[in-house]
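Visitor: Take a look at this one; I'll ask things after.
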Amino acid sequence: MAEAPRINPDLGFVREIRRIGGEAMKYCYQCGTCTSVCPITPDEQPFPRKEMLWAQWGLKERLLNDPDIWLCHGCGDCSAYCPRGAKPSEVMAALRGYAILHHAVPGFLGRWLSSPAYIPLLLAVPVLLMIVGFALAGGFSIPPGEVHYYKLIPFIVIELVGNGFMLLALIGAGIGLRRFWQGMNAHQAALRAASPEGAPAAAREESFVASVVAVVRDILAHRRFRQCGEAKPRARQHALMFYGFLLLFAASGGRLIYYYVLGSHDELPLSDPVKIVGNIGGLAMILGLIGVTANRLRRGPGVSTSTYFDWFLIWAFIMAVVTGFAAQGVRLNVGGAAAYYTYLVHLIFVFVLLIYLPYSKFAHLLYRFTALLWARRAGRELSLPGRVTPVPASAGAPAPPTGATT
Amino acid sequence: MAEKPLVYICSGCGIGEAVKVDQLCALAEGELKAAGVKAHPFLCGPEGRQLLAGDVTQGRPVVIAACSPRVNADVFRWDGVTVERVNLRELVAWSQPGGSQAAQHLAEDYLRMGVARAEKTESPQPTPVATSERVLVVGGGISGLAAALGAADAGHDVVLVEKEPQLGGWVARWHRLLPQRAPYRDPQPSGIEELIARVTSHPRIEVLTEAEVESTAGQPGDFTVTVRRGEERSEYQVGAVVLATGWRPYDAGKLAHLGFGRSPDVVTSVAFEEMVRAGRIARPSDGRVPRRVAFIQCAGSRDPNHLPYCSSFCCAVSLKQALYVREQIPDAQAFIIYKDLRAPGPGELFYRRVQEDEGIFLAKGDVTGVHPGSDGQVIVEVEDSLLGEQVSLEVDLAVLAVGAVPATADDPALHLRYRQGPAVPTDRYGFPDSNFICFPYETRRTGIYAAGCVRQPMDAAAAADDGAGAALKAIQSIRMAARGEAVHPRAGDLSFPRFFLQNCTQCKRCTEECPFGALDDDERGTPKLNPSRCRRCGTCMGACPQRIISFDNYSVDQLTAAIKSFPVPDDPEQPRVLAFVCENDAYPAFDMAGINRLQLDPAVRVVPLRCLGSLNVVLIADAFSRGIDGVLLIGCRSGDDYQCHFVRGSELAERRLTNVQETLDRLMIERERVQLVHLAISDFDRLPALTSEFVAQMKRLGPNPYKGF
């Protein structure tokens, strides 16, 4: 018999997970209530029971490469039903936070996002870039007349600086995600080796593109998130923010088409479809943010824990959206220098939101998508209502045992 | 024969609506020739009580036909007056359709049986035992110390016998005890030295160390105990005994599969505790301080090949010992691998506290092997845990949490001079046998009460409480013996079996079957009575083929008279079934059925028994000779998880029934006409179906062939 895998707890990891939101995790006594009430866990090797044990035991490598921490949407059903108050949902969130920071490339940016002490630094970077940008563009002066932002700073500068850094960030994220993908493969191989009969079904036989399309479709429909019991409002709030963000993204794209393709440099009137789309998106974001914030404040520390990691993203969104509306309002009603300054502040927060994306909680967008895609490819099928679990092409193999038997 | 009784019939609580009370009165006056008959609408009310108080006189039995004998016992009780209760309320009015002819017949038959019983009842004369007030405590561990102090503080002289040179037992060898006070977070010093000092300085306690009980003779209130110290023997008269001989750890030598003996760094939890108490946690192999320590739970426990039971304290002990590791070794890691973590009572709070420690790792799993690693470590193989199907831990020291074996498993301790042998009877695990749920501290030797881990595995705090509890039971048994009363479960019963020894054939069934070893042999081989050992269950009465054993108020003769007191119709459509019912659980179940207004088959006549063990098989023969169509025996569960209040009564009834069935075969009576049923009080809802199905079966069988003879 091959030597059984050695278990080596990492005390530092235990401490860190407890510090960033999983402080109650050691109370878990592995009853499995979390797993049995979870509406979105797969039947084989379900979560979060095993993650709870691994976290208590400080099994860092397993958890970092565990797709399941991302298959969880943190609806909190498990925390609500946990008889020990171990808050599995919060532990899963802490694990995700840790994973984002861990996979971050370059690593120091991960650290920057982990503590409020770095906030001045985070804001200094875009300000500095802005100064450099103005220097490149030939100096800073408030243009006279009707407010059109291109007069202050050519859009091409914003594109170059902003997108340039965005690109760097995304390259970093790509490296992290690649490691994550390989890690998940290794993780699954290890699990299979340790527990052959409990292994997930065979890999799905479909093209990569088809998998991507299917996962995107699921995400657009919030298919998994909507299964959450305790946090029905959270799925709605998430959807508002999600679609609000997409609309704003689309509006930004539309604005660029006006600028570069149609050559229309002036700010658009409110009646323009691009502005309408943008404003609807912004309003949706605001509604979503109000809901999210109220939700987190109302639930309070006794029920669920909101960490700096959570609040950072929420505040980044709030600041970006509020300064966006403020910029629009000042531009239309006040004009002059005030309008330009508000706009610059808005640009700083948009930068914060987008450039730090792979290192903040916003990175869940990348990791969850990747994990969902991997899970679909790996046949780690989710037993959601309304979806027929396809028979693997290698039908005839004995069906894996269902239910939480471990 | 006793006087004719006075009969009082209550028509309250629905009895008056269910049956014709005037007809019952007429029956009592006429056929039953009662000395007086009165009906009253509210017999237990002030007026009714006044009526009764004016009538009852010494020497004349009274029949109260009203509610169950299980209620209003204090109302219908007068000193020196025999009272028979006829249960017209629960057994008739509340369990039969009102006004039916069948219900009337049932009530009449119960009244007939009540009067017949009353006529065969004497007021029991107590059999007091000359009493020594002294309590013997065997074992000087924490239970024994607490028992000695408890009894002494209550004013009893105590002899405390300890086989070791020092008092204190295991607890004196522990570093810390499990937390015993809120908030139950920290292990605490045992304080055993103070307890020992209080015991040794107590004027009422005589401490004998390096001493053993050589023999124990006699009975509660009057035991003669010989204690041996070295070559010196001394005799003590004691009234009762607390058996607190404790436990020993399960022999780790049998746990080679858990690495014991294969690596010096695999130790038992007892050895580990002693190591900590000695001052330093170190590996026995090289004296190095271990950085990683594994605690392996259920080492031999809950394992059919070793100790099949749970020892209850080992989990909490390992939690405590994991804390030692964390407190004494910086940055150490402690692993606890368990089957189920069981920390009963406030142990739950302690468990949570230990869970908080980041360096203590708990996981459910099966330890499949422990073996030495290549570099002097110990490898622990774990299977079927959430950590993986097969994982291993590399540790510096492995601690086996071994379970408790009761001292009584192989040591008779008291060396009883009883006909049934020197040992207190034990269950299959070696613990003193008892109906421990109903009667903690009980053993099957009256006046001898088990306390602490010899009774069941428990932690030190519980063991101390146990000692105090057993001391109280010991004192109680001394007092009751002095008054000639039975101890539990028939507490206060003054009746006592009388043996008509002229007719004894010395078959010894009574002496052998008595669950409590109450009977010895006298010089001629006939039963020698030890009244205060007796629990008054009547098992001897059920055993005796000569029917020479009777109580003043409970006898074969009396039951036969009751069975023969009512007419059995010849009509095959009207079968009659007799239900012999244990008073402890089954009879209350009938009451419960009535209280819940469940309908019972009116063909069934209930005859209460002290215990199914007191059923003499001759009664079954009597029933069939009377033309009864079927006999139900309803008693408690027997076997390993017996519910019998007299431990072996229901088991003996079952054994006797097999003999009865052979007799039935000879008489050409179908075996199915006698059925034995186990019924707990909570099974009362089974009674309607149980009775009606049995009656239906009797109808299918047709009438008893002896009917009408």
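The values are calculated or read from the model by the stated rules, or taken from the named source; none is laboratory data. Owing to the predicted nature of the structure, the values given are computational and were not obtained by experimental measurement. When we count neighbours, we look across all protein chains shown, and the Cβ atoms used for this are built from the backbone with ideal geometry, even at glycine. Protein only, heavy atoms only, side chains kept; ligands, DNA and RNA dropped before computing areas. Shrake-Rupley method; radii C 1.70, N 1.55, O 1.52, S 1.80 Å.
Visitor: If a residue counts only when it is open to solvent by less than 20 Å² (accessible area, probe 1.4 Å) and more than 13 Å from chain A (Cβ to nearest Cβ), which strands (runs of 3 or more DSSP E) contained entirely in region B:354-425 have at least 2 such residues? Reasoning before the result, please.
Guide: On the way: elements: B:360-364, B:366-372, B:378-385, B:388-395, B:397-402, B:404-406.
The qualifying strands (runs of 3 or more DSSP E) are B:397-402, B:404-406.
Visitor: Going through region A:17-45 one residue at a time, which ones are of a type in the set (F, W, Y) and either more than 10 Å from chain B (Cβ to nearest Cβ) or not in a helix (DSSP H, G or I) (or both)? Steps first, please.
Guide: Here is the first cut: in region A:17-45, the residues of a type in the set (F, W, Y) are A:27, A:29.
Selection gives A:Y29 alone.
Visitor: Mind listing just one residue for me: the one in region B:318-342 that is touching a Leu at 6+ places or on another chain (Cβ under 7 Å) and among the aliphatic types (A, V, I, L, M) and, of those, nearest to B:R181 (Cα to Cα)?
Guide: That would be B:L341.
Visitor: Of all residues in region B:68-87, which are under 19 Å from B:D55 (Cβ atoms) and in contact with a Phe, Trp or Tyr (Cβ under 9 Å, 6 or more places away or on another chain)?
Guide: Answer for region B:68-87, where residues must be under 19 Å from B:D55 (Cβ atoms) and in contact with a Phe, Trp or Tyr (Cβ under 9 Å, 6 or more places away or on another chain): B:F76, B:V83, B:R85, B:V86.
Visitor: For residues that are more than 10 Å from chain A (Cβ to nearest Cβ) and outside any helix (DSSP H, G or I), scanning just region B:311-331, find the one that is modelled with the lowest pLDDT.
Guide: First, pick out the residues of region B:311-331 that are more than 10 Å from chain A (Cβ to nearest Cβ): B:311-330.
Within this subset, residues satisfying the condition of being outside any helix (DSSP H, G or I) are B:311-313, B:329-330.
Working: B:S311: 96, B:S312: 94, B:F313: 96, B:I329: 96, B:P330: 89.
Residue satisfying both the conditions and the ranking: B:P330.
Listed here are the residues, each with its yes/no results for (1) closer than 26 Å to A:L372 by Cα; (2) in contact (Cβ under 8 Å) with a residue 12 or more places away in the chain; (3) away from every other protein chain (no Cβ under 14 Å); (4) open to solvent by 10 Å² or more (accessible area, probe 1.4 Å).
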| site | (1), (2), (3), (4) |
| --- | --- |
| A:R15 | no, no, no, yes |
| A:F47 | yes, yes, no, no |
| A:K50 | yes, yes, no, yes |
| A:L64 | yes, yes, yes, no |
| A:W70 | yes, yes, yes, no |
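Visitor: Still on this model: Quick check, is B:V19 at pLDDT 95 or above, farther than 25 Å from B:N596 by Cβ and touching an Asp or Glu at 6+ places or on another chain (Cβ under 9 Å)?
Guide: Details: at pLDDT 95 or above: yes; farther than 25 Å from B:N596 by Cβ: no; touching an Asp or Glu at 6+ places or on another chain (Cβ under 9 Å): yes.
No, not satisfied.
Visitor: Here's another thing I want to ask about it. Looking at region B:490-513 only, could you name the residues that are of a type in the set (S, T, N, Q) and surrounded by 21 or more Cβ atoms within 10 Å (Cβ to Cβ)?
Guide: To start, the set of residues in region B:490-513 that are of a type in the set (S, T, N, Q) comprises B:495, B:502-503, B:505-506, B:511.
B:S495, B:T511 - these are the residues of region B:490-513 that are of a type in the set (S, T, N, Q) and surrounded by 21 or more Cβ atoms within 10 Å (Cβ to Cβ).
Visitor: Just to verify a result, which residue in region B:338-348, among those that are in a loop (DSSP other than H, G, I, E, B) and within 13 Å of B:F295 (Cβ to Cβ), is farthest from the other protein chains (Cβ to nearest Cβ)? It would help to see each step written out before you state the result.
Guide: Step one: filter region B:338-348 for residues in a loop (DSSP other than H, G, I, E, B), giving B:339-346.
Among the residues that remain, those that are also within 13 Å of B:F295 (Cβ to Cβ) are: B:339, B:341.
Working: B:K339: 12, B:L341: 7 Å.
Checking each candidate, the answer is B:K339.
Visitor: Check region B:451-459 and report whether any residue there is open to solvent by 20 Å² or more (accessible area, probe 1.4 Å), within 23 Å of B:Y236 (Cα to Cα), in contact with a helix residue (DSSP H, G or I) (Cβ under 7 Å, 6 or more places away or on another chain) and not aliphatic (A, V, I, L, M).
Guide: The answer is no; no qualifying residue exists.
Visitor: Could you pull out every one of the strands (runs of 3 or more DSSP E) wholly within region B:566-667 that has 1 or more residues that are buried (at least 20 other Cβ atoms within 10 Å of the Cβ), in contact with a strand residue (DSSP E or B) (Cβ under 8 Å, 6 or more places away or on another chain) and without any contact (Cβ under 8 Å) to a residue 12 or more places away in the chain?
Guide: In region B:566-667, there are no strands (runs of 3 or more DSSP E) which contain 1 or more residues that are buried (at least 20 other Cβ atoms within 10 Å of the Cβ), in contact with a strand residue (DSSP E or B) (Cβ under 8 Å, 6 or more places away or on another chain) and without any contact (Cβ under 8 Å) to a residue 12 or more places away in the chain.
Visitor: Among the listed residues A:I219, A:I257, which satisfies the condition of being at pLDDT 90 or above and more than 21 Å from the chain's Cα centre (by Cα)?
Guide: A:I257
Visitor: When you scan region B:131-146, do you find a residue that is assigned to a helix (DSSP H, G or I) and surrounded by fewer than 24 Cβ atoms within 10 Å (Cβ to Cβ), even just one? Spell out the reasoning first.
Guide: Filtering region B:131-146 down to residues assigned to a helix (DSSP H, G or I) leaves B:142-146.
Cutting the leftovers down to surrounded by fewer than 24 Cβ atoms within 10 Å (Cβ to Cβ) gives us none.
So far as region B:131-146 goes, no, none of its residues is assigned to a helix (DSSP H, G or I) and surrounded by fewer than 24 Cβ atoms within 10 Å (Cβ to Cβ).
Visitor: Right, here's the next one. Restricting region A:163-194 to residues that are crowded, with 17+ Cβ neighbours inside 10 Å and within 14 Å of chain B (Cβ to nearest Cβ), which is farthest from the chain's Cα centre (by Cα)?
Guide: Ranking the candidates gives A:L191 first.
Visitor: OK, next. Would region A:82-92 turn up any residue that is touching a Cys at 6+ places or on another chain (Cβ under 8 Å) and away from every other protein chain (no Cβ under 14 Å)?
Guide: yes
Visitor: Of the residues in region A:285-323, how many are open to solvent by less than 20 Å² (accessible area, probe 1.4 Å), assigned to a helix (DSSP H, G or I) and either of a type in the set (D, E, K, R) or touching a residue at least 24 places away in the same chain (Cβ under 8 Å) (or both)? Even if it seems obvious, please write down each step before you answer.
Guide: First, the residues of region A:285-323 that are open to solvent by less than 20 Å² (accessible area, probe 1.4 Å): A:285, A:288-289, A:291, A:295, A:300, A:304, A:310, A:313-314, A:316-317, A:320-321, A:323.
So of that shortlist, the ones also assigned to a helix (DSSP H, G or I) come out as A:285, A:288-289, A:291, A:295, A:300, A:310, A:313-314, A:316-317, A:320-321, A:323.
Applying the additional criterion that residues be either of a type in the set (D, E, K, R) or touching a residue at least 24 places away in the same chain (Cβ under 8 Å) (or both) yields A:285, A:288-289, A:291, A:295, A:310, A:313-314, A:316-317, A:320-321, A:323.
Result for region A:285-323: 13.
Visitor: Right, here's the next one. Which of the numbered conditions does B:Y351 fail, given that it passes all the others? Conditions: (1) at the interface with another protein chain (Cβ under 10 Å from one of its Cβ atoms); (2) closer than 21 Å to B:A282 by Cβ; (3) of a type in the set (F, W, Y).
Guide: The single condition B:Y351 does not satisfy is (2).
Visitor: Same structure, new question: Please determine, by comparing only the residues of region A:4-13 that are in contact with a Ser or Thr (Cβ under 9 Å, 6 or more places away or on another chain) and either of a type in the set (A, V, I, L, M, F, W, C) or more than 7 Å from every other protein chain (Cβ to nearest Cβ) (or both), which one is farthest from A:R226 (Cα to Cα). It would help to see each step written out before you state the result.
Guide: Residues of region A:4-13 that are in contact with a Ser or Thr (Cβ under 9 Å, 6 or more places away or on another chain), as a first pass: A:4-7.
When the remaining residues are screened for being either of a type in the set (A, V, I, L, M, F, W, C) or more than 7 Å from every other protein chain (Cβ to nearest Cβ) (or both), the result is A:4, A:7.
Values: A:A4: 40, A:I7: 37 Å.
Taking the candidates together, the pick is A:A4.
Visitor: Can you tell me which residues in region A:212-267 are among the polar types (S, T, N, Q), open to solvent by 30 Å² or more (accessible area, probe 1.4 Å) and within 29 Å of A:H346 (Cβ to Cβ)? Full working, then the answer.
Guide: Initially, region A:212-267 is screened for residues among the polar types (S, T, N, Q), giving A:227, A:237, A:252, A:264.
If we keep only those that are open to solvent by 30 Å² or more (accessible area, probe 1.4 Å) as well, we get A:227, A:252, A:264.
Correct list: A:S252, A:S264.
Visitor: I need every pair where a residue in region A:210-226 that is aliphatic (A, V, I, L, M) has its Cβ under 6 Å from the Cβ of a residue that is part of a helix (DSSP H, G or I), sequence separation at least 6 or different chains.
Guide: Correct list of pairs: A:V215/A:L372; A:V215/A:L373; A:V215/A:R376.
Visitor: Hey, can you tell me all the residues within region B:687-709 that are without any contact (Cβ under 8 Å) to a residue 12 or more places away in the chain and under 32 Å from the mean Cα position of the chain (by Cα)? Walk me through it before giving the result.
Guide: First, the residues of region B:687-709 that are without any contact (Cβ under 8 Å) to a residue 12 or more places away in the chain: B:689, B:693, B:696, B:700.
Of everything in region B:687-709, those that are without any contact (Cβ under 8 Å) to a residue 12 or more places away in the chain and under 32 Å from the mean Cα position of the chain (by Cα) turn out to be B:A689, B:E693.
Visitor: Quickly run through region B:291-319 and pick out the residues that are within 25 Å of A:N8 (Cα to Cα) and in contact with a Phe, Trp or Tyr (Cβ under 8 Å, 6 or more places away or on another chain).
Guide: Selection gives B:R292, B:V293, B:A294, B:F295, B:Q297, B:C298, B:A299, B:C315, B:A316, B:S318, B:L319.
Visitor: Every residue in region B:295-316 that is open to solvent by less than 40 Å² (accessible area, probe 1.4 Å) and either free of Cβ contacts under 8 Å to residues at least 24 places away in the same chain or within 23 Å of B:D396 (Cβ to Cβ) (or both), please.
Guide: Correct list: B:F295, B:I296, B:Q297, B:C298, B:A299, B:G300, B:D303, B:C314, B:C315.
Visitor: Please indicate, with yes or no, whether at least one residue in region B:255-264 is within 34 Å of the chain's Cα centre (by Cα) and open to solvent by 20 Å² or more (accessible area, probe 1.4 Å). If you could, list the steps in order and put the result at the bottom.
Guide: Of region B:255-264, the ones within 34 Å of the chain's Cα centre (by Cα) are B:255.
Still in the list and also open to solvent by 20 Å² or more (accessible area, probe 1.4 Å): none.
Taking every residue of region B:255-264 in turn, none turns out to be within 34 Å of the chain's Cα centre (by Cα) and open to solvent by 20 Å² or more (accessible area, probe 1.4 Å).
Visitor: Does A:Q56 count as at the interface with chain B (Cβ under 10 Å from one of its Cβ atoms) and open to solvent by 30 Å² or more (accessible area, probe 1.4 Å)?
Guide: no
Visitor: Among the residues of region B:122-129, are any of a type outside the set (D, E, K, R) and buried (at least 24 other Cβ atoms within 10 Å of the Cβ)?
Guide: The answer is no; no qualifying residue exists.
Visitor: Return the only residue of B:S301, B:S285 being hydroxyl-bearing (S, T, Y), over 33 Å from the mean Cα position of the chain (by Cα) and farther than 23 Å from B:S190 by Cβ.
Guide: On the way: B:S301 fails: over 33 Å from the mean Cα position of the chain (by Cα).
Among B:S301, B:S285, only B:S285 is hydroxyl-bearing (S, T, Y), over 33 Å from the mean Cα position of the chain (by Cα) and farther than 23 Å from B:S190 by Cβ.
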